[in-house]
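Before any comments, here is the structure.
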Amino acid sequence: MEKSIAELRETFKTGGTKSISWRKSQLKALLQLINQNEDSIFKALDQDLGKSPVESYRDEVGVLKKSVTYTLSCLEKWVAPKKAEVPLLFFPAKAEVMPQPLGVVLIFSSWNFPFTLALDPLIGAISAGNTVVLKPSDLAPACMSFLVETIPKYLDNKAVKVLAGGADIGERLLQLKWDKIFFTGSPRVGRLVMAAAAKHLTPVTLELGGKSPAIVDTLSTTPSKAKVTAKRIVGGKWGPCTGQACIAIDYVLVEEKLASTLIELLKKTIKRFYGENIKSLKNISRIVNKHQFQRLVNLLKDPNVADSIVYGGSVDEEKLVIEPTILLDPPLDSEIMSEEIFGPLLPIITLKNVEESIDFINSKSNPLVIYAFTEDETFKKRILSETSSGTVTFNDSMVQGGFGWAIGCCAVCLVYVLSHATVSLHFYVILYHLEEWVKVALEGIMGSTLSTLLATKNRSCIE
């Protein structure tokens with residue numbers, strides 16, 4: 001392992017990865033890898049997660065093709081020096097910001113989107129001119145094996161290494177010094193990654209999870225609109241890896257008088273999308289392994305939680321399948337309402353007034369995203385001004401602020417060190433893209449001029 005990383009550092013020192021031609025050649029090779037191995041990717045995703053070809057293309061292959069293509073079209077603009085303002089005191093001096101790669105980047109990917117969350121950060125790291133160690137999740141073994149065997153056939157072996165293994169390999173990697181770490185996974189492991197990085201003052205990007213609510217204000221008097229709301233909730237809960245996604249809907253907040261109508265609409269939609277019962281389920285992923293399966297089953301073993309099930313609840317341990325399950329008002333102090341569910345269980349919490357949802361959300365940790373189905377402009381403004389979350393999406397699910405792909409956190413993570421005149425800035429740049437839309441979120445410090453960034457954050461909103 002140490003020998004491989006030493007080789008990466010030597011490769012970076014040669015400066016070869018900084019050339020635009022090298023970066024483009026690697027991106028084109030990665031696109032070729034995806035195009036030439038599409039069927040193998042589908043097979044690996046089916047083996048590990050039971051993903052259908054449609055879901056696999058939508059959430060993995062299609063996302064990566066778009067990501068590479070878009071990056072190739074924008075790369076020269078992104079890496080070009082940019083003119084910077086100079087205080088009058090320094091006249092007639094000129095200044096520019098020159099993007100430069102950080103060095104050797106470590107990427108930990110997750111099992112729920114084992115290709116997207118491995119290769120999309122890799123696209124960003126290569127685009128920025130870094131050398132990379134990619135550590136895929138061993139919880140998706142077929143996908144991990146594919147990446148280990150296939151990437152060396154297409155990419156520069158002296159600049160990109162793929163290491164297979166479990167937690168022991170991850171721990172060994174964290175003991176080493178890196179120039180950047182990108183981690184996707186649970187908050188528990190994220191804390192370990194950040195603690196290890198702190199020893200070397202290594203900058204870290206953590207993509208974690210949380211309990212993301214959906215607020216249902218009204219079900220329109222127009223039946224077609226009410227059905228659309230139900231479809232978007234069902235798609236946002238069970239569509240992405242059967243709820244095993246960081247931005248999947250975790251629970252629903254709705255007024256008591258609308259609960260029964262909403263539940264009936266959800267039931268009909270589930271049956272239409274996925275089948276009548278556990279034996280006839282189709283187009284839905286399975287739970288990743290027995291450990292996660294048992295964790296989810298244990299959530300339902302609480303008698304008070306079990307009593308709240310109004311739809312589903314059946315399980316197939318042999319196939320690691322849990323039927324889409326709806327629960328009405330499970331105890332708020334139960335584990336299902338205190339921990340991220342990360343599975344096909346959907347609690348519906350009733351309120352006397354939908355505006356109580358703001359206090360309910362604020363009583364918990366800030367969610368990754370808030371989905372709100374409402375036409376009330378005043379209520380929309382209250383949600384935006386009185387809650388805090390990474391993203392707010394109105395009248396839809398999964399679409400992230402207009403800057404993300406339609407099913408998840410697709411982030412091209414361009415990792416730069418920016419230098420500005422004699423002042424050094426350390427930035428990481430995350431480009432979220434959907435079609436032609438791009439948002440650049442910068443975090444860093446440059447004296448007092450950027451000090452406000454320490455106390456504020458960017459929050460996207462889409463309607």
* Asked: Under the condition of being more than 18 Å from ALA44 (Cβ to Cβ) and among the basic types (Lys, Arg), which residue from the stretch 139-169 is least open to solvent (accessible area, probe 1.4 Å)?
  -> LYS161
* To do: For LYS267, work out the one condition from (1) closer than 21 Å to LYS211 by Cβ; (2) touching a strand residue (DSSP E or B) at 6+ places or on another chain (Cβ under 7 Å); (3) open to solvent by 30 Å² or more (accessible area, probe 1.4 Å) it doesn't fulfil.
  => (1)
* Structure fact -> the stretch 2-51: helices (runs of 4 or more DSSP H) wholly inside it with 1 or more residues that are among the small types (Gly, Ala, Ser), in the same structural domain as PRO99 (by the TED database) and closer than 29 Å to VAL79 by Cβ are 2-14, 20-36
* Structure fact -> By residue number, the members of the stretch 178-224 that are basic (Lys, Arg) and over 20 Å from GLY243 (Cβ atoms) are LYS180, ARG191, LYS199
* Examine the stretch 125-132 for a residue that is within 25 Å of LYS153 (Cα to Cα), touching a residue at least 12 places away in the same chain (Cβ under 8 Å) and out of contact with any helix residue (DSSP H, G or I) (no Cβ under 7 Å at 6 or more places or on another chain), and state whether such a residue exists. => yes
* Do any helices (runs of 4 or more DSSP H) lying entirely in the stretch 240-309 carry at least 1 residues that are of a type in the set (Asp, Glu), and which ones are they? -> 256-274
* Structure fact -> The helices (runs of 4 or more DSSP H) lying entirely within the stretch 89-187 that contain at least 1 residues which are at pLDDT below 95 are 116-127, 167-174
* Among the listed residues LEU206, LEU262, LEU266, which satisfies the condition of being in contact with a Gly (Cβ under 8 Å, 6 or more places away or on another chain) and either at pLDDT below 95 or in the same structural domain as ILE309 (by the TED database) (or both)? -> LEU206
* Of all residues in the stretch 270-297, how many are polar (S, T, N, Q) and either over 13 Å from VAL315 (Cα atoms) or buried (at least 16 other Cβ atoms within 10 Å of the Cβ) (or both)? -> 4
* Asked: List pairs: first in the stretch 199-226 and among the β-branched types (Val, Ile, Thr), second in a strand (DSSP E or B), Cβ under 6 Å, 6+ apart or cross-chain?
  -> THR202/ILE181; VAL204/ILE181; THR205/PHE182; THR205/TYR428; ILE215/LEU253; ILE215/ALA372; VAL216/VAL254; VAL216/PHE373
* Quick one: is PRO152 without any contact (Cβ under 8 Å) to a residue 40 or more places away in the chain, more than 22 Å from the chain's Cα centre (by Cα) and under 20 Å from GLN32 (Cβ atoms)? -> yes
* To do: Mind listing whichever residues of the stretch 46-70 are closer than 30 Å to MET98 by Cα and crowded, with 18+ Cβ neighbours inside 10 Å?
  => VAL63, LEU64, SER67, VAL68, TYR70
* Asked: Which number in (1) within 19 Å of VAL310 (Cβ to Cβ); (2) among the polar types (S, T, N, Q); (3) touching a residue at least 12 places away in the same chain (Cβ under 8 Å) marks the one condition that GLN292 misses?
  -> (1)
* In the stretch 182-215, what count of residues is obtained for those that are open to solvent by 50 Å² or more (accessible area, probe 1.4 Å) and in contact with a helix residue (DSSP H, G or I) (Cβ under 6 Å, 6 or more places away or on another chain)? -> 1
* the stretch 304-318, residues that are under 29 Å from the mean Cα position of the chain (by Cα) and farther than 23 Å from SER280 by Cβ -> VAL305
* To do: Scan (1) farther than 24 Å from ASP59 by Cβ; (2) surrounded by fewer than 18 Cβ atoms within 10 Å (Cβ to Cβ) for the single condition LEU102 breaks and write down its number.
  => (2)
* Asked: When both residues are 6+ apart or on different chains and their Cβ atoms are under 6 Å apart, which pairs have a first residue that lies in the stretch 32-57 and is farther than 13 Å from CYS143 by Cβ, and a second that is among the hydroxyl-bearing types (Ser, Thr, Tyr) and crowded, with 17+ Cβ neighbours inside 10 Å?
  -> LEU33/TYR154
* To do: Would you confirm whether any residue within the stretch 390-398 is at pLDDT below 50 and open to solvent by less than 10 Å² (accessible area, probe 1.4 Å)?
  => no
* Of all residues in the stretch 310-362, which are among the β-branched types (Val, Ile, Thr), open to solvent by less than 50 Å² (accessible area, probe 1.4 Å) and either part of a strand (DSSP E or B) or closer than 19 Å to GLN244 by Cα (or both)? -> VAL321, ILE322, THR325, ILE326, ILE336, ILE341, ILE348, ILE349, THR350
* Does any residue of the stretch 35-45 turn out to be over 26 Å from PRO152 (Cβ atoms) and open to solvent by less than 40 Å² (accessible area, probe 1.4 Å)? -> no
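The values are calculated or read from the model by the stated rules, or taken from the named source; none is laboratory data. All figures in this text were calculated on a predicted structure; none of them were measured in a lab. Cβ atoms come from the backbone with ideal geometry, glycine included; neighbour counts cover every protein chain shown. Calculation scope for accessible area: heavy atoms of the full protein, side chains included, ligands and nucleic acids excluded. Shrake-Rupley method; radii C 1.70, N 1.55, O 1.52, S 1.80 Å.
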